[in-house]
Amino acid sequence: MTHAVTEIPTKDCSPFLRWAGSKRSLLPTLQTFWTKKHKRYIEPFAGSACLFFAIKPPKAVLGDLNPELIATYVEVKYRITAVLKELERLRPANKQEYQRLRAVDISTLTPSARAARFIYLNRFCFNGIYRTNLLGQFNVPYSGERCGNLPKEEAFRKCSRRLRRARFMNSDFERVLQQAAKGDLVYMDPPFAVRARRIFREYDPSTFTHEDIARLRSWMERLDAARINFVVSYAESDEADVLRKGFSHQVVSVRRHIAGFAAHRALTNELLISNT
Ligand SMILES: C[S@@+](CC[C@H](N)C(=O)[O-])C[C@H]1O[C@@H](n2cnc3c(N)ncnc32)[C@H](O)[C@@H]1O
């Protein structure tokens with residue numbers, strides 16, 4: 001078991017999305033799991049897919065339960081020029097424009113305009129959080145001026161080229177894991193689990209529960225039995241103890257935002273559990 005504090009590296013391709021729970025600060029350690037023997041990369045909880053963008057796999061499967069996220073990846077992959085055109089129409093960012101766009105009925109938009117809206121709201125929302133109300137409408141407040149600009153056109157085009165190596169699945173992680181085969185590296189970065197399934201399920205279908213931790217654990221065992229390499233990242237906790245049992249793991253310290261204020265950063269421990 002090793003213990004290290006990591007720093008965010010400079011990379012040649014950064015994700016174009018901000019994502020709550022992104023493991024960007026773990027990249028120096030995470031990247032070491034991708035080796036020459038791996039032919040394909042699989043990430044069933046993709047979010048901003050920071051490891052995918054960092055390692056340049058020749059082939060990949062990226063999955064997530066969030067339909068708007070996956071639809072955005074597909075648009076950026078196949079129709080980047082149209083997405084960029086739509087983004088041009090939305091600049092510059094301010095609270096009024098953010099709130100106008102957030103209130104738009106997405107069923108009235110073309111797929112490229114919908115992706116541009118998703119990217120814009122993601123960039124300028126509070127902390128890169130994705131949350132919807134009971135009607136499934138995005139309801140995260142404006143972040144203020146703090147989160148910088150949208151990525152530049154060339155950065156989007158680079159991401160688009162990278163995404164051409166990936167296939168996308170909008171589904172529960174089990175369906176994505178059914179695709180895994182020997183020679184793949186599977187990286188699993190689930191959300192932190194909550195206890196009360198019934199309370200939260202109705203509000204947010206992507207809420208992860210203790211039942212989901214049990215499903216994940218059983219998939220780790222299945223992958224291991226099939227000799228498929230995996231790595232799981234999870235905050236040090238009782239759930240992490242369930243996940244790591246019998247597998248090797250390392251502890252990595254990361255600086256985290258507390259309550260969204262940059263001045264309040266604390267060191268927390270993240271476990272990287274693997275069978276490599
Ligand atoms: C911690 S984030 C992943 C962050 C990602 N590693 C990154 O680089 O940004 C977890 C993701 O899992 C997704 N998710 C939640 N429950 C899921 C499920 N049952 N199956 C698949 N994806 C799920 C969420 O929508 C979210 O995008």
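The values are calculated or read from the model by the stated rules, or taken from the named source; none is laboratory data. Everything quoted here is computed from the prediction, not taken from an experiment. Cβ coordinates were reconstructed from backbone atoms using ideal geometry, including for glycine residues, and neighbour counts include every protein chain displayed. For the accessible areas, the whole protein counts, side chains as well, though only heavy atoms, and no ligand, DNA or RNA atoms are used. Shrake-Rupley method; radii C 1.70, N 1.55, O 1.52, S 1.80 Å.
With K and R counted +1 and D and E -1, the other residues having a Cβ less than 13 Å from that of residue 245 yield a net charge of -3.
Among 253, 107, the sequence by solvent-accessible area, most first, with a 1.4 Å probe is 107, 253. Starting from the Cα of residue 152, draw a straight line to each of the lysines and keep only those under 17 Å, dropping any in the same chain fewer than 8 residues away. The reachable lysines, counting only those whose Cα sits under 17 Å from residue 152, are 11, 77, 85. Under 20 Å Cα to Cα from residue 245, which lysines show up? Leave out anything in the same chain fewer than 8 places away. Within the straight-line cut-off, residue 245 pairs with nothing.
Residues whose amide H lies under 5 Å from that of residue 167, counting only those 5 or more places away or on a different chain, are 60, 61, 62; hydrogens are built 1.01 Å from N in the peptide plane.
The Cα atoms of the chain cover 52, 38, 34 Å along the three principal axes, with the biggest extent listed first. Taking a straight line from the alpha carbon of residue 37, these lysines sit under 18 Å away, with near neighbours fewer than eight places off in the same chain left out: 56, 59, 182. Only helices enter this figure: runs of n ≥ 4 DSSP H residues, each worth -39500 (n - 2.57), summed and divided by the residues of the chain, yield -10500 deg cm²/dmol at 222 nm to the nearest 500. Computed from backbone phi, the HN-Hα couplings of the stretch 82-99 come to 5, 5, 5, 4, 5, 5, 3, 5, 8, 6, x, 8, 7, 4, 5, 5, 4, 5 Hz, rounded to whole numbers (Karplus: 6.51 cos²θ - 1.76 cosθ + 1.60, θ = phi - 60°; Gly and Pro given as x).
For the residues 90, 51, 177, a GNM of the chain with alpha-carbon springs under 10 Å puts the largest fluctuation on 90.
Accessible surface comparison of 238, 12, 64, probe 1.4 Å, protein chains only, largest first: the order is 238, 12, 64. Rg/Rh for the stretch 67-165 stands at 0.94; both radii use Cα atoms, and Rh follows the Kirkwood definition. Summing Lys and Arg as +1 and Asp and Glu as -1 over all other residues whose Cβ lies under 13 Å from the Cβ of residue 234 gives a net charge of -3. Around the amide H of residue 236, modelled in the peptide plane, lie the amide H atoms of 269, 270, 271, all under 5 Å away and 5 or more residues distant in sequence or on another chain.
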